[in-house]
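Enquirer: Just passing along the structure, written as structure tokens.
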Amino acid sequence: MSLRGPGRLRRGRLFTISAGLRCSGMIADYDGLYRNAYKHLLPGGWFEVRDHDLQFFVDTQGGDKEKEEETGSKDKEEKFVTLRRWEKLMAEAAEKFGKPINMGAKHKEIMEQAGFTDVHEKVFKICPDLLSYH
């Protein structure tokens, strides 16, 4: 299925399963993408989306006090401020380019608005020690 719009997909062509993988920063019209995907799926068909956000979160549960003292929390704090600035600049640039990032938390709602039912969302935590890497 084409991501460029309705003209790229032949009329009447239907699919049982389709997928959008890591689309952040590549799609200008998510509403149109999901409407098009829904329109071209056979009844009972699946559309799977795997995407990410370029936002980082701190896991405050189960912190290792000894490790934190070793690495220096001030150093981590400075890295985190720099990381937050980078996140903000990346999101602003993507918006100006017309292809937003950080869409991960929005896919479910947009898919439901396009007509999808029984939409499931799974959020995975990755790279928990990011700020300790040098």
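Enquirer: Got at least one residue in the stretch 29-48 being touching a strand residue (DSSP E or B) at 6+ places or on another chain (Cβ under 6 Å), modelled with pLDDT of 85 or more, part of a helix (DSSP H, G or I) and surrounded by 10 or more Cβ atoms within 10 Å (Cβ to Cβ)?
Expert: Yes - at least one qualifying residue is present in the stretch 29-48.
Enquirer: Can you tell me which condition residue 60 does not meet? The list is (1) surrounded by 10 or more Cβ atoms within 10 Å (Cβ to Cβ); (2) modelled with pLDDT under 65; (3) among the polar types (S, T, N, Q), and all the others hold.
Expert: For residue 60, the exception is condition (1).
Enquirer: Please count how many residues of the stretch 107-128 are assigned to a loop (DSSP other than H, G, I, E, B) and either surrounded by 13 or more Cβ atoms within 10 Å (Cβ to Cβ) or of a type in the set (S, T, N, Q) (or both). Reasoning before the result, please.
Expert: Filtering the stretch 107-128 down to residues assigned to a loop (DSSP other than H, G, I, E, B) leaves 115-128.
Adding the requirement that they be either surrounded by 13 or more Cβ atoms within 10 Å (Cβ to Cβ) or of a type in the set (S, T, N, Q) (or both) leaves 116-117, 119.
Residues meeting the conditions: 3.
Enquirer: Here's something else I'd like to know. Given the condition at pLDDT 65 or above and either within 21 Å of residue 124 (Cβ to Cβ) or in contact with a His (Cβ under 8 Å, 6 or more places away or on another chain) (or both), answer yes or no: does some residue in the stretch 1-10 qualify?
Expert: no
Enquirer: Can you find even one residue in the stretch 75-86 that is surrounded by 13 or more Cβ atoms within 10 Å (Cβ to Cβ) and at pLDDT below 70?
Expert: Here is the first cut: in the stretch 75-86, the ones surrounded by 13 or more Cβ atoms within 10 Å (Cβ to Cβ) are 76, 79-80, 83.
The next check asks that each one be at pLDDT below 70; those that pass are 76.
Scanning the stretch 75-86 turns up at least one residue that is surrounded by 13 or more Cβ atoms within 10 Å (Cβ to Cβ) and at pLDDT below 70.
The values are calculated or read from the model by the stated rules, or taken from the named source; none is laboratory data. Worth saying up front: this structure is predicted, and the values here are computed from it rather than measured. Cβ atoms come from the backbone with ideal geometry, glycine included; neighbour counts cover every protein chain shown.
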